[in-house]
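As structure tokens, the structure follows; a few thoughts come after it.
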Amino acid sequence: MKVGSDSSPVATGTLPRARQFTRAGIDVVTAIVALNLLVFVYMASLSQGGLLSVIEWGAISVDGLKHGAWWQTVTHLFLHGGDLDPAMRVMHLGLNMLVVYQVGKELLIDVKTKHWLLIYFFSGVLGAFFQILVTHESPLLGASGAAFGLITAYGAIHAHELLEAWVLGF
């Protein structure tokens, strides 16, 4: 019997498409991660007073929204670490960007750029509003809500597939 002469998935060409890990080049995911990294480097260069001013201006808070700081709904997504110690700042940024990059690149294979951006920003804003309901006395920053939104969207699109996650070699 010749290989490929039967009705196996190999012969019929019905093997599932091998998923790429990433799409080459600079795309929206790379741009978002790069922007987060640039903002992080800028924040790291500030004095304690300057850092607290940036956080007050850009982190989402109930007081800020009450006083018309509508931009905080978006700017909080690009601020990481706040006034935490340096190792925790790096971990906050690193874990968020790891998820945004890995899951974001995979999701971008399935959706258009404008839909990816909609998922990212909508999830980030929605996550912040839910977090404010729980901890309304302190400002919030980071892309955790957006990262979880990307995971949720990817999981919803691939709900009937076995998904394997690779995280830091495990």
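Roll a 1.4 Å probe over the protein heavy atoms and report the accessible area of residue 132 in Å², nearest 10.
Solvent-accessible area, nearest 10 Å²: 20 Å².
Quick one: accessible area per residue over the stretch 29-170, 1.4 Å probe, rounded to a whole number of Å²?
57
Calculate how large, on average over all directions, the projected area of the Cα convex hull of the stretch 96-170 is; give the answer in nm² to one decimal.
Computed as one quarter of the Cα hull surface, the answer is 5.8 nm².
Does anything in the stretch 82-104 have its amide N under 17 Å from the 7 Å Cα→Cβ label point of residue 158, and if so which residues?
Residues 98-104 qualify, since their backbone N sits under 17 Å from the label point.
Tell me, what is the percent relative contact order of the stretch 41-90, built from C-alpha pairs under 8 Å that lie six or more residues apart?
31
Whole-Hz Karplus ³J(HN,Hα) for the stretch 60-66, in order, using 6.51 cos²θ - 1.76 cosθ + 1.60 and θ = phi - 60°, x for Gly and Pro?
Karplus-based 3J(HN,Hα) across the stretch 60-66 equals 6, 8, 4, 4, x, 5, 4 Hz.
Once phi is turned into θ = phi - 60°, what whole-Hz ³J(HN,Hα) does the Karplus curve with 6.51, -1.76 and 1.60 give for every residue of the stretch 146-160, x standing for Gly and Pro?
So the Karplus estimates, Gly and Pro as x, are 5, 4, 5, x, 5, 4, 4, 5, 4, x, 5, 5, 10, 4, 9 Hz.
Amide H of residue 60: which non-local residues (sequence gap of 5 or more, or other chain) have their own amide H closer than 5 Å, using H built in the peptide plane?
Those qualifying (amide H under 5 Å, at least 5 residues apart or on another chain) are 76, 140.
Keeping all protein chains in the complex and leaving out DNA, RNA and ligands, what accessible area do you get for residue 115 with a 1.4 Å probe, in Å² to the nearest 10?
Probe radius 1.4 Å; accessible area of residue 115 about 80 Å².
Of all the accessible heavy-atom surface of the stretch 74-132, with the other protein chains kept in place and a 1.4 Å probe, what percent is carbon and sulfur?
Using a 1.4 Å probe with all protein chains present, the stretch 74-132 comes out at 76 percent carbon and sulfur.
Compute the normalised compactness of the stretch 79-133: alpha-carbon radius of gyration over 2.2 N^0.38 Å, N being the residue count.
Against the compact-globule rule of thumb, the ratio is 1.32.
The values are calculated or read from the model by the stated rules, or taken from the named source; none is laboratory data. Every value quoted in this text rests on a predicted model; they were computed, and no experiment measured them. In this analysis, Cβ positions are derived from the backbone assuming ideal geometry, glycine residues included, and neighbour counts consider all displayed protein chains. Please note that ligands, DNA and RNA were not included when accessible areas were found on the heavy atoms of the full protein model with its side chains. Shrake-Rupley method; radii C 1.70, N 1.55, O 1.52, S 1.80 Å.
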